[in-house]
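The values are calculated or read from the model by the stated rules, or taken from the named source; none is laboratory data. Because the structure is predicted, anything quoted here is derived from the model rather than measured. All Cβ positions, glycine included, derive from the backbone under ideal geometry; neighbour counts span all protein chains shown. Note: accessible area is taken over every heavy atom of the protein model, side chains too, but ligands, DNA and RNA are not part of it. Shrake-Rupley method; radii C 1.70, N 1.55, O 1.52, S 1.80 Å.
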Amino acid sequence: MSARSRAPESAEQPESPAAADPGAKAPGQRSGPDNRSLKQIAWQRLRRDKVAMVSGIVVVLLILAAALAPLLTKWFGYPPTQFHQELIDPVRRVPYVDPDNPGLGTDPWGAMNSDHLLGVEPTTGRDLFSRIVHGAQISLLVAFLSTLVCVALGTVMGIIAGYVGGWVDTIISRAMDIFLAFPLMLFAIALVGVIPDGAFGLQGNGLRIGVIVFIIGFFNWPYIARIVRGQTLALREREFVEASRSLGASTGHILVREILPNLVTPIIVYATLLIPTNILFEAALSFLGVGINPPTPSWGKMLSEAVPLYQQAPYFIIVPGLAIFITVLAFNLFGDGLRDAFDPKTSD
């Protein structure tokens, strides 16, 4: 067959998909690897988790409210320790509906208005909104500082036990068992209840906060240490650790530069789940009368003061109770969302 007769046949051949569309994949061509980093994948998963995102926004708002408590008090309320007994019926100890017209009676729901957004406390007339936002300062400060102490101790102990092994691992593991069996709440009640007015350069509530932070952080480290130890046991046999060891890297270099960066994610996730536990612990101590001293606001102390008055003023026990409930729930849901976002088994 001549070249002239073969030419039309060649011209009629279909165009390849790659030529028609540079972005198209040829038949049988495999998709390229996912070039997204772990942070990008986790962020995309977290954004799809609406519950976690809403909880994260609530957490941020709570932190901002605690940090800006003095300004919020100035704009929307009164100082948290200022009494307004002229607003309270001296017989029923409940706020008047209208202090200028006592004959209108009392309001068992706090007489909430533009001056007192959440009403006022029974008996004292202190602004409840101001005490809630200032109480958030105490709760979040204790929770964050104690979590920081717990994470620091737990990470150091766990990574050493997991990497070194041997008798070091045995000693640290037995210490974990002892601390986990310790009656923490009873010890905290006994210790905080007998501390003097001043020690270590601190006094008053500053000393109490320091002692509470120390107790929670020092006695709770085994929980995160066990997680870190388990992760370290798996990581120390990985190829990149073996490569660093074969190149003569020191133990400190391997722990800090090779293993610790791979532990950041589980540490952050566990810390977000530990914070609400510490909030409840501080509230429990204040509720039992061995936490923050009055008149400094504390959510647990407010609940304790509300118990005898729950029938005359039910709002007084509901407001601080809701503050604790919302805060703990938001941190727990956000922590669950972070855990799912960083879990490699979670499908995209």
Taking all protein chains as present, what is the carbon and sulfur share of the accessible area of the chain, in % to the nearest whole number, probe 1.4 Å?
64 percent
How would W109, W167, W221 rank on accessible area, largest to smallest, probe 1.4 Å?
W167, W109, W221
For q = 0.10, 0.11 Å⁻¹, what log10 I(q)/I(0) does the chain give under the Debye formula with an equal point scatterer on each alpha carbon and no solvent?
-0.77, -0.88
Toy charge model, Lys and Arg Cβ at +1, Asp and Glu Cβ at -1: the chain dipole around Cα centroid in debye, rounded to 20, equals 940 debye
Computed over the stretch 121-243, the relative contact order (Cα-Cα under 8 Å, seq sep at least six) in percent reads 42 percent
Distant-in-sequence amide H partners of T106 (H built 1.01 Å from N, under 5 Å):
V97
So what J values fall out for the stretch 256-268 if you push phi through Karplus, 6.51 cos²θ - 1.76 cosθ + 1.60 with θ = phi - 60°, rounded to Hz, Gly and Pro as x?
7, 9, 10, 8, 4, x, 7, 9, 4, 4, x, 5, 5
Label-point separation (nm) for A67 and T81, each offset 7 Å from Cα along Cα-to-Cβ?
2.6 nm
Hey, which aspartates and glutamates would be in cross-link range of K39, C-alpha to C-alpha under 17 Å, not counting anything within fewer than 8 residues on its own chain?
D49, D336, D340, D343, D348
Accessible-area value, L303, 1.4 Å probe, nucleic acids and ligands omitted, Å²
40 Å²
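Could you quote the convex hull projected area for the stretch 171-277, Cα atoms only and averaged over all directions, in nm²?
Result: a mean projected hull area of 9.1 nm².
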Over the alpha-carbon set of the stretch 39-98, work out the extent along each principal axis and list the three values in angstrom, largest first.
61, 23, 15
What does the charge count near L285 come to, summing +1 for each Lys or Arg and -1 for each Asp or Glu among other residues with Cβ under 12 Å from its Cβ?
+1
Helix-only mean residue ellipticity at 222 nm, the chain, DSSP H runs n ≥ 4 weighted -39,500 (n - 2.57), per residue, nearest 500. What is it?
-20500 deg cm²/dmol
Can you tell me the mean projection area, over all orientations, of the convex hull of the stretch 129-188's alpha carbons? Units nm², please.
5.1 nm²
Cα convex hull of the stretch 91-203: mean projected area in nm², to one decimal?
12.3 nm²
Whole-number accessible area per residue in Å² for the chain, which is evaluated in the context of all protein chains at 1.4 Å
55 Å²
Restricting things to alpha carbons, tell me how big the stretch 243-313 is in terms of Rg and Dmax, in Å.
22.6, 74
Relative contact order, percent, of the chain when contacts are C-alpha pairs under 8 Å separated by at least 6 residues?
22 percent
